[in-house]
Amino acid sequence: MGLERGAPRARRGCAARGRSRNRGAGRVLGCACRTRGRATPARRSRVVARESNPHRLEARTARRRWALNRVPAFRGAARGPGQPVLPRVSPAIGLVLAVVVVCATHRDGSALPPGFPTERPLPAQIVGESEGSPNPFAGATVTRGPYLQCATPTSIVIRWRTSIPTDARVRWGRTAGRLDVRVSSVAVTTEHEIIVTGLDPGTRYWYSVGTGFGQLAGDPTCAFVTPPPVGSAQPVRAWIIGDSGEAGPIQGSVRDAFLAYTGSRGADLFLMLGDNAYGEGSDSEYQAGVFVPYALPLRQWTLWPTRGNHDGVYSGANNDYYDFFSLPAHAEAGGVPSGTEAYYSYDYANVHFVCLDSEGSDKSPGGAMVTWLRADLSATSQQWVIAYWHHPPYSKGSHDSDTESDLIAMRQNVVPILDALGADLVLCGHSHSYERSFLLRWHYGLSTTLTSSMKVDSSDGRRNGNGPYVKPVPPRTPSAGIVYTVAGSSSKTGGGSLNHPVMVSSQDVPGSLVLDVNGSVLDVRFLNSAGVVADSFTVVKAGVASVPADPARGFSIVGISPRPSHGPVELSYRLPYPGRVKVAIYDAEGRRIAKVADGDEPAGERRVRWDARDAAGSPIVAGVYFAVVELAGERRVARVVLTR
């Protein structure tokens with residue numbers, strides 16, 4: 001039986017092999033062939049970057065050994081045109097020789113040797129002697145994958161498993177019928193992991209996987225799109241499932257509902273919120289609960305998982321969460337290095353994602369994970385910050401956040417950091433239901449301790465309801481509010497009282513989340529297993545936004561009436577001291593459309609009326625607008641919803 005709890009095993013996966021990931025021309029050899037867990041002659045091979053000589057790599061398998069001297073990548077005019085840099089290959093003991101070719105080129109490709117693909121030069125290429133040789137891997141099939149990991153704008157990790165130990169080769173290209181670039185590994189294993197580098201951001205590629213003797217998988221569904229440049233305001237779609245690992249009709253209906261909903265749009269990212277494979281997260285359970293039912297999404301969209309309490313950790317190789325996934329422990333995809341695959345961060349377009357480990361890592365305020373979280377959020381300049389982990393800080397579903405220690409610890413120790421450093425959205429699972437909060441801050445105690453000052457905006461946040469939640473534009477503002485979701489019903493439901501007071505919607509139905517970010521607008525939809533959007537909310541980062549004040553501190557907007565309105569609107573606000581007050585109405589783009597008041601006013605509660613007309617006196621169209629009250633350089637904002 002697996003080890004259900006406790007700290008993750010030290011230096012496994014990416015964390016154990018970080019040094020060989022960033023070694024210039026040796027990156028393909030050092031990372032493409034990296035393996036996990038204990039090595040055995042029948043299944044494993046190792047490639048080690050020796051620190052004593054940073055320009056020398058030594059590769060070993062059970063039956064062969066060779067060494068190479070690595071030359072730093074060519075830059076500028078250190079060599080003449082048409083003169084590639086070639087490492088010296090020194091065969092030692094073994095039956096098969098390999099050649100490693102490192103090609104140095106100008107950006108226009110003028111220095112490429114004859115016959116080398118001109119579309120994208122490889123930083124390194126390992127080519128086995130396969131042509132004309134008997135195929136030692138005849139009968140091999142792909143039994144897991146291919147699946148995508150750790151995507152960046154210029155690289156991606158491709159993994160797969162074979163039925164027997166083989167070498168590995170990935171081919172890729174910009175069209176399905178022309179996979180004219182390749183990278184290979186002569187390491188013989190069943191667990192294959194190759195990093196493809198030198199890609200262009202925001203570009204679609206097709207790929208195949210196989211051996212040096214032929215393709216094993218590579219139909220037109222084997223394709224991916226690289227992330228856009230970090231910080232760009234490109235549309236982003238993520239599919240998010242939680243507690244999804246129980247194979248069966250619910251799992252299938254949730255999956256099929258999303259595939260029908262998204263259609264050809266697909267997704268850019270694929271997030272799993274833990275309990276990815278029931279009941280203990282063994283290899284066979286991951287096969288049945290993850291790699292078989294999600295085979296199509298996994299070969300097209302990069303998976304970024306977190307670990308739940310059913311994702312056990314086991315001794316040995318190739319049999320648990322940390323063996324199955326390649327996660328960016330060393331900031332390979334953005335953020336601050338965590339040094340572990342248990343928790344990590346990454347960037348996609350203008351979104352910074354933070355994946356935490358609420359199952360096995362220390363959750364104390366001075367622990368490594370919480371310390372890293374502070375550093376990571378302090379360092380990012382991304383417009384949106386989204387955090388996710390397994391155990392929700394707020395839930396009254398099949399688990400109760402008032403009584404369970406893991407949930408309480410995340411609420412008390414992690415949520416204050418997210419508040420202080422301006423996070424926008426939290427995604428969790430664990431409770432087998434759907435729950436979604438209003439825009440919330442400062443709520444670190446029991447559900448009974450909720451106060452009005454913790455409610456940044458207690459409306460529904462729906463476009464077709466009270467209107468979107470509004471937050472300030474970057475730089476991120478502390479305590480501007482976070483929406484919390486529980487999406488743990490992607491393969492089962494579990495009931496519960498479903499009455500937590502911070503929740504706008506609580507539903508005991510199967511489903512998944514669809515996250516869309518388009519520039520300054522974030523939309524989340526709960527898509528149930530029947531393909532119906534059963535809840536939604538929108539967050540807008542607008543130039544007119546500000547953080548509502550705590551009423552106890554004085555200056556605040558007291559209310560908008562009526563809400564929504566078919567005509568004129570009355571705005572009330574409280575002034576802690578006399579001063580010049582400006583009141584104006586803005587649209588969602590930050591343009592002022594009407595001035596309501598501008599003059600000196602005494603302290604106390606004040607009221608003004610807006611006639612729902614623009615500066616020219618014309619009635620404005622239905623929609624969401626913002627009333628802005630300014631006093632002595634401070635600004636308060638309230639949303640106004642007009643219907644006609």
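Each reported figure results from applying straightforward, stated rules to the coordinates on display, with no laboratory input. Everything numeric here is computed off the predicted structure, so don't read it as measured data. Note: ideal-geometry Cβ built from the backbone for every residue, glycine included; neighbour counts use all protein chains shown.
If you look at the Cα atoms of segment 165-266, you get an Rg and a Dmax of 16.8, 43 Å. Just to confirm my numbers, what's the Cα centroid distance between segment 307-365 and segment 416-487 in Å? Comparing the Cα centres of segment 307-365 and segment 416-487, I get a distance of 24 Å.
Largest first, the extents of the alpha carbon coordinates of segment 267-307 on the three principal axes equal 29, 18, 10 Å. With one equal scatterer per alpha carbon and no solvent term, the Debye-computed log10 I(q)/I(0) for segment 283-327 at 0.21 1/Å reads -0.76. Projection of the Cα convex hull of segment 332-461, averaged over all directions and equal to a quarter of that hull's surface, yields 8.1 nm². Over segment 321-397, one equal point on each Cα, no solvent: what is log10 I(q)/I(0) by the Debye formula at q = 0.13, 0.15, 0.24 Å⁻¹? Taken in order of the listed q values, log10 I(q)/I(0) reads -0.39, -0.51, -1.19. Restricting the calculation to alpha carbons of segment 551-642 gives Rg and Dmax of 12.7, 38 angstrom.
Between beta-carbons, use under 14 Å as the cut-off and find the net charge around LEU498, counting Lys and Arg +1, Asp and Glu -1. Residues near LEU498 contribute -3 overall.
Pairs of Cα atoms in segment 380-534 fall into 10 Å distance bins, from 0 up to the last occupied one, in shares of 11, 43, 37, 9 percent. Counting Lys and Arg as +1 and Asp and Glu as -1, what is the net charge of the other residues whose Cβ lies under 12 Å from the Cβ of VAL209? For residues surrounding VAL209, the net value is +4.
Legend: ranking of residues ARG563, ARG607, ARG574 from fewest to most surrounding C-beta atoms inside 10 Å; resulting order ARG607, ARG563, ARG574. Rg of the Cα atoms in segment 236-542, relative to 2.2 N^0.38 Å, amounts to 0.91.
Arrange MET454, MET410 by Cβ neighbour counts within 10 Å, fewest through most, would you?
MET454, MET410
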